[in-house]
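Written out below as structure tokens is the structure these notes cover.
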Protein chains: 2
Amino acid sequence: MTTQQLYNQIQQKKSFLCIGLDVDLDKIPQHLLQTEDPIFEFNKAIINATHDLCVSYKPNTAFYEAYGLKGWQSLEKTIRYINENYPDIFTIADAKRGDIGNTSSMYAKAFFEDLKFDSVTVAPYMGRDSVEPFLAFENKHTIMLALTSNQGAFDFQTIQANDKPLYQTVLETSKNWKNSKNLMYVVGATKAEYFKEIRSIVPDAFLLVPGVGAQGGNLVDVCKFGMNNKVGLLINSSRGIIYASNGTDFAESARKEALKLQSEMALILEQN
Amino acid sequence: MTTQQLYNQIQQKKSFLCIGLDVDLDKIPQHLLQTEDPIFEFNKAIINATHDLCVSYKPNTAFYEAYGLKGWQSLEKTIRYINENYPDIFTIADAKRGDIGNTSSMYAKAFFEDLKFDSVTVAPYMGRDSVEPFLAFENKHTIMLALTSNQGAFDFQTIQANDKPLYQTVLETSKNWKNSKNLMYVVGATKAEYFKEIRSIVPDAFLLVPGVGAQGGNLVDVCKFGMNNKVGLLINSSRGIIYASNGTDFAESARKEALKLQSEMALILEQN
């Protein structure tokens, strides 16, 4: 998928919502546990109930790996279900991978070719040759961690490195990498004031923004400082949507929560 | 496994060799491709041929994920085979994971509880709360990237951060984390001169050292600066051992290469 196609979808749906499919068997409705593949059944119901309100789904691989082979199978079924039924959706494997060159190539192959995700999240610590193997895939997108939404972000990401916060050095350095046009960045919503600085470094890149809702970020502030002329934002919500109810009405409740966010987004898009 | 048990094994085998099980179907002997699970058959043969010469095996998860469900199954069979047949071996899931707290907990559960690895590699960028969920497991070990052996290490790891190279800040900061006694670190062998500085920061921690051999590091230099009074080093070799031959003699050839390294190690241990 191209970023233009993603932008078209945003305009059409009046939404830049990404829904995180972080499925924990301890949190999903109990009646699903009797099905053969509870994780997939849960995802399918959530997707069917919300696909017109969001532009992206983001399964975090940790939640699937935690269930071993069965979990990996649920992930495969989920991505296939999205690609077959809602091919306009921008899919994100939230995997935060990164390794030496030939090894990163194996990860890129796994997520882009075999699983057919549109994008994958990566960690920057190992530098250029750990990320470029992902960037080599045409019309695939590599979403690199810049400034995350957790408390630990302040341990290293914001310390002064080369006379500026490390996350700014990461952003600037990555712009010089081969095929950097395929880069997007993770920027946590808990720090809306940082978006202004970030936009001065990467004016055109899409930013994947976790931390609206559960982690306390404010949508209006993030948009005020983070939006560019092609929107340039994907706002992620996971638990706030998918665990809105743990009864038999879970999908309907998830839709209601997604609708709230989408309505706010439609209003913001109208005003811009 | 405790670090004391690991040290005992090192003394007994006169080896601190770790063998990386990075299995690429394009590189293994062709006759194995006719078996039902070529990756597992390859690993089993390599393990049977080398287990008395090394103290650790390290499958890199990328090489298994690249083959989807079948790959994940091969990984499960491999770790189970090691644990059942050679329970004294220190096993490392080279996964380089790291995510927000509740998500890192899922990864920790996947690698420590379900797959029963002794250790897993993690990336530091997301800070304390991305690593502490791994550290919470007793007698399990979390091997954090400090200074890697690839060219990209110089993009961020060695830049001045808080008036010292970032990797040193990472080492120092991590010592204050809860259960930091369960930390080990990845330190690439291509920069033997750095080991002296690193040992002044983390004198007691085990260091997992890639980059001897294929990536050009020198074993004697690394030991000179990196060894502590309980050895404190695990030297990894992957391709140099497991792809020593791609004929039917591959396991025997792998043993020969492992024996070369183990003999060098025995000599070094004797002289210290």
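Condition check ((1) more than 22 Å from A:PHE63 (Cα to Cα); (2) outside any loop (DSSP other than H, G, I, E, B)) across all residues:
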| residue | (1), (2) |
| --- | --- |
| A:MET184 | yes, yes |
| A:GLU197 | yes, yes |
| A:SER200 | yes, yes |
| A:ASP204 | yes, no |
| A:ASP221 | yes, yes |
| A:SER245 | no, no |
| A:ALA251 | no, yes |
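Within segment A:143-154, can one find any residue that is within 21 Å of the chain's Cα centre (by Cα), more than 9 Å from chain B (Cβ to nearest Cβ) and not hydrophobic (A, V, I, L, M, F, W, C)? No; the residues of segment A:143-154 include none that is within 21 Å of the chain's Cα centre (by Cα), more than 9 Å from chain B (Cβ to nearest Cβ) and not hydrophobic (A, V, I, L, M, F, W, C). Considering segment A:155-175, and only residues there that are within 11 Å of another protein chain (Cβ to nearest Cβ), among the polar types (S, T, N, Q) and in a helix (DSSP H, G or I), the residue that is surrounded by the fewest Cβ atoms within 10 Å (Cβ to Cβ) turns out to be A:THR173. Screening segment A:181-200 for residues that are hydroxyl-bearing (Ser, Thr, Tyr) and under 18 Å from the mean Cα position of the chain (by Cα) and picking the one that is nearest to B:GLN160 (Cα to Cα) gives A:TYR185. Among the residues of segment B:23-39, those that are closer than 22 Å to B:ASN83 by Cα and surrounded by fewer than 23 Cβ atoms within 10 Å (Cβ to Cβ) comprise B:GLU36, B:ASP37, B:PRO38. Listed conditions (1) surrounded by 17 or more Cβ atoms within 10 Å (Cβ to Cβ); (2) within 16 Å of the chain's Cα centre (by Cα); (3) not acidic (Asp, Glu) are all met by A:ARG255, apart from (2). For segment B:176-194, a residue qualifies if it is within 12 Å of another protein chain (Cβ to nearest Cβ), under 25 Å from B:ASN139 (Cα atoms) and touching a residue at least 12 places away in the same chain (Cβ under 8 Å), and the qualifying residues are B:TRP177, B:VAL186, B:GLY188. Just so you know, in segment B:68-102 the residues that are among the acidic types (Asp, Glu) and surrounded by 23 or more Cβ atoms within 10 Å (Cβ to Cβ) include one that is farthest from A:TYR107 (Cα to Cα), and it is B:ASP99. Residues that are assigned to a strand (DSSP E or B) and either under 18 Å from A:SER105 (Cβ atoms) or in contact (Cβ under 8 Å) with a residue 60 or more places away in the chain (or both) within segment A:124-145 comprise A:HIS141, A:THR142, A:ILE143, A:MET144, listed in sequence order. A search for C-beta distances below 8 Å between a residue of segment A:83-104 that is within 21 Å of B:MET144 (Cβ to Cβ) and any residue that is polar (S, T, N, Q) and part of a helix (DSSP H, G or I), counting only pairs 6+ apart in sequence or on different chains, returns A:ARG97/A:SER104; A:GLY98/A:SER104; A:GLY98/A:SER130; A:ASP99/A:SER130; A:ILE100/A:SER130; A:GLY101/A:SER130; A:SER104/A:SER130.
Screening segment A:104-118 for residues that are in contact with a strand residue (DSSP E or B) (Cβ under 6 Å, 6 or more places away or on another chain) and not in a loop (DSSP other than H, G, I, E, B) and picking the one that is nearest to A:LEU25 (Cα to Cα) gives A:PHE111.
Counting only helices (runs of 4 or more DSSP H) that fall entirely inside segment A:1-100 and contain at least 2 residues that are out of contact with any Ser or Thr (no Cβ under 9 Å at 6 or more places or on another chain), the qualifying elements are A:3-13, A:38-50, A:68-85.
Kindly indicate whether A:PHE134 is touching a Ser or Thr at 6+ places or on another chain (Cβ under 9 Å), surrounded by 24 or more Cβ atoms within 10 Å (Cβ to Cβ) and within 28 Å of B:VAL122 (Cβ to Cβ).
yes
Here, each number is a calculation from the coordinates, and none is a lab measurement. Computed from a predicted structure; not experimentally measured. All Cβ positions, glycine included, derive from the backbone under ideal geometry; neighbour counts span all protein chains shown.
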